[in-house]
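See below for the structure under consideration.
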Amino acid sequence: MAESTRTLEWDGATGDHWVAYEEKYNAAVFRYSERLFAGADVRPDDRVLDIGCGCGQTTRVAAELAAKGSAHGVDLSAAMLAQARARAAEEGLDNVRFEQADAQVHDFAAGAYDLAISRNGVMFFDDPVAAFANVRRALRPAGRLAFVCWRAPEESEYSLVPRAALGRYVTLPGPGGANEPGPNSLADPDRVRDVLGRAGLVDVRLDPEDELMDLGADLDEAMDFVLNRPHVRGPLSEVDAPTAAKATDELRTALTPYVTPAGVLLRSPAWLVTAHAPA
Ligand SMILES: C[S@@+](CC[C@H](N)C(=O)[O-])C[C@H]1O[C@@H](n2cnc3c(N)ncnc32)[C@H](O)[C@@H]1O
């Protein structure tokens, strides 16, 4: 496995954080999951690859839908994969497996999958063309690809609102540029078409999904979720206690208008991207 800085981060503190907040992340993005599975159209015989599967919720859903097929989740984080295996065992799934692998370079068997999916796990590649070409080789002829990824952060309340509130008191790392590995690397639709086209994929389609992130059932849950995200918790721990308290108060005020009976809901536009390997 490549041991880049990002590899070590996911297979370290960031992965551990995602395990601790597994249920909150799953709840936060459930609307995007529904969009993903609507686009992926998993069939009963499909052999599914889940790229950047994390704690494996989408892999397990794929395994249930592909009841006569199988689902294979790959991720960089050993901790998240351990959680994924434990959940699959709890659910009694016997057609799912998880493997620690860097999807951009892993030696997948050629043509081994009918479908590759990802819920926000394909934006972190150092060389996205090489990575998607690797995924394309793993697909059978005419095999399908479906993933969700974020649109521009400047369109996202989920990105902007906490940043504006906390940023008055704390220096947060940038949201991640459109051309660098990170959550926004596939925000630009022209770049997505270019990357996937150069990776040898065809019929590339991007559907805008104007969905809502659910940060928690109430304001306290949403505060806990945001304040413990790694890019927030680190910088917040470096300022003095009165400054951290002011930042926290500002965040609470900023999130209050988003509290609804259905949760603390912030707009976060995404793409549903679908493509095929050549026939
Ligand atoms: C934003 S998280 C999403 C996790 C999961 N798909 C979900 O929706 O809960 C991104 C995931 O991609 C994984 N990841 C990043 N780069 C990867 C790579 N090159 N190969 C495999 N997994 C990768 C990370 O370890 C992390 O679990």
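Projecting label points 7 angstrom from Cα along Cα→Cβ for residue 112 and residue 38 puts them 3.2 nm apart. Counting only alpha carbon atoms, the long axis of helix 30-40 and the longest principal axis of the chain meet at about 20°. Can you give the angle from 0 to 90° between the axis of helix 78-90 and the longest principal axis of the chain, with both taken from C-alpha atoms, to the nearest 10? Helix 78-90 sits roughly 70 degrees off the main axis of the chain. Sort the chain into rounded, prolate or oblate with this rule: let a ≥ b ≥ c be the square roots of the eigenvalues of the Cα gyration tensor; rounded if a/c is under 1.5, and if a/c is not under 1.5, prolate when a/b is larger than b/c, oblate otherwise. Verdict is prolate for the chain.
Each peptide among 210-218, 54-62 gets the average number of other Cβ atoms lying within 10 Å of its residues, and from highest to lowest they stand as 54-62, 210-218. When both region 205-229 and region 234-276 are represented by their alpha-carbon centers, they are found 8 Å apart. The angle between the Cα long axis of helix 189-198 and the longest principal axis of the Cα atoms of the chain comes to about 30 degrees, rounded to the nearest 10. Lys/Arg Cβ at +1, Asp/Glu Cβ at -1, dipole of the chain taken about the Cα centre: which of 33, 183, 130 is farthest positive-ward? Result: 130.
Note on region 148-277: dipole from Cβ charges, positive end direction compared against 152, 245, 195; the farthest Cα belongs to 195. Averaging the Cα positions of each part gives two centres, and for region 96-157 and region 63-89 these lie 15 Å apart.
Bear in mind that the values in this text are calculations on the coordinates, not laboratory data. Remember, it's a predicted structure, so these values are computed and weren't measured experimentally. Glycine gets a Cβ as well: all are built from the backbone with ideal geometry, and neighbour counts include every protein chain shown.
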